[in-house]
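Taking it in order: structure first as structure tokens, then the write-up.
Every number here is computed from the coordinates shown, using simple stated rules; none is lab data. Since we're looking at a predicted model, the values are computed, not measured. Glycine also receives a Cβ, built like all others from the backbone with ideal geometry; neighbour counts cover every protein chain displayed.
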Amino acid sequence: MRGQEARDQAERKAAMATLTQSSGDDIVRLWNEAGLPSDAELLRGPETGLVTLRGRIGGGAPFNVGEATVTRATVRLPTGQVGHCYALGRDKQKAKLAAIADALWQDPARRNEVETGLIAPLRSALTLAHEKRRAETAATKVDFFTMVRGED
């Protein structure tokens, strides 16, 4: 049982990472195409605030790097599942829908619907964007080398 819980937790974490890295417009479009329900009780937010970013160099003591804007939301579905979202930026609709998706994902009867209709297409789009960025970066790579002349 603990192994299954750990797998579920890792899969939920991966689904939420996909949602928070995706654009709000993509989430709304796929949400509507999949026909996912958006009725949920708002328990918190969506609200926007700041979080402190911490850094560490070479294993030394942590230090404050700066702040980032984050929007959070917590919702409860009529079936009782509670979903949460914390996403960088100010997109309140994205945070609300991601929280609802989190709650829907926790319902075993709806999990496959959320995965196939929302998470999988978003994950594919993120992978394509990452590969495109990687190819563009690789095209600008410069190889430096040193030529040795003679036997000085």
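The table below gives the values:
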| quantity | calculated |
| --- | --- |
| Selection count where residues are surrounded by fewer than 11 Cβ atoms within 10 Å (Cβ to Cβ) and within 17 Å of the chain's Cα centre (by Cα), scope the stretch 40-91 | 0 |
| Helices (runs of 4 or more DSSP H) completely within the stretch 70-142 that count 2 or more residues being touching a strand residue (DSSP E or B) at 6+ places or on another chain (Cβ under 9 Å) | 92-106 |
| Which numbered condition residue 36 misses (of (1) surrounded by fewer than 16 Cβ atoms within 10 Å (Cβ to Cβ); (2) assigned to a loop (DSSP other than H, G, I, E, B)) | (1) |
| Residues that are surrounded by 12 or more Cβ atoms within 10 Å (Cβ to Cβ), of a type outside the set (Phe, Trp, Tyr) and within 16 Å of residue 113 (Cα to Cα), drawn from the stretch 15-33 | 15, 16, 18, 19, 27, 28, 29, 30 |
